[in-house]
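Structure first, commentary second.
The values are calculated or read from the model by the stated rules, or taken from the named source; none is laboratory data. If you're wondering where the values come from, they're calculated on a predicted model, not measured in any experiment. Note that we place each Cβ from the backbone using ideal geometry, even for glycine, and neighbour counts take in every protein chain shown. Surface accessibility is based on the protein's heavy atoms, side chains included, excluding ligands, DNA and RNA. Shrake-Rupley method; radii C 1.70, N 1.55, O 1.52, S 1.80 Å.
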Amino acid sequence: MINRYISQTELDELLLKGVEHFNKRLFYEAHEFWEEIWHTRQGNEKAFFQALILLAGAGVHYQKQRNEPALRLLKLALTRFDESQDLISKYFNPQLIMNIHEHLTNSGIDGIPELVLISKVD
């Protein structure tokens, strides 16, 4: 549902499920969890969760060997991360996010680093 309210607990659960699926290379599923959050956010938070969705979308394209669309999504993800720099460090080490973005841009999904939350959400 678009623009519905979710509690911080639900947000944390969805974020964690998205991270777990991303790390298992289940990029489409990760995107679905993060999109549930994205629909409830505004401003910089919306940009941050959209950036995660775009990273996952790039993973989907790489799995289908569609490198050009993957690179376009990565470029958009970087723009959204730039818009939400202050939020990255709330959940992740900012350098990790940039390393993942750089890795995807230069090397595709082979050997991509895992996303690691700063502190495990419950």
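Would you check which residues across segment 28-44 are out of contact with any Phe, Trp or Tyr (no Cβ under 8 Å at 6 or more places or on another chain) and hydrophobic (A, V, I, L, M, F, W, C) and list them?
Phe33
List the pairs whose first member sits in segment 100-111 and is over 12 Å from Ala77 (Cβ atoms), whose second member is assigned to a helix (DSSP H, G or I), and whose Cβ atoms are under 6 Å apart, counting only residues at least 6 apart or on separate chains?
Close Cβ pairs (under 6 Å, with a partner that is assigned to a helix (DSSP H, G or I)) amount to Gly108/Tyr62; Ile109/Gly59; Ile109/Tyr62.
Go over the candidates Leu14, Leu55 one by one and state the one that is modelled with pLDDT of 95 or more and closer than 20 Å to Glu114 by Cα. Before you say what the answer is, go through the steps one by one.
Details: Leu55 fails: modelled with pLDDT of 95 or more.
Just a single option satisfies the conditions, and that option is Leu14.
Find all pairs meeting these conditions: Cβ atoms under 6 angstrom apart; at least six residues apart or on different chains; first residue within segment 42-64 and without any contact (Cβ under 8 Å) to a residue 60 or more places away in the chain and of a type in the set (Val, Ile, Thr); second residue assigned to a helix (DSSP H, G or I) and surrounded by fewer than 19 Cβ atoms within 10 Å (Cβ to Cβ).
These pairs meet every condition: Ile53/Glu35; Val60/Tyr28.
What helices (runs of 4 or more DSSP H) lie completely within segment 2-107 and have 3 or more residues being open to solvent by less than 20 Å² (accessible area, probe 1.4 Å)?
Fully inside segment 2-107 and qualifying: 8-23, 27-38, 43-63, 67-83, 94-107.
All but one of (1) under 15 Å from Phe22 (Cβ atoms); (2) touching a His at 6+ places or on another chain (Cβ under 6 Å) hold for Leu115, so report the exception by its number.
Condition not satisfied by Leu115: (2).
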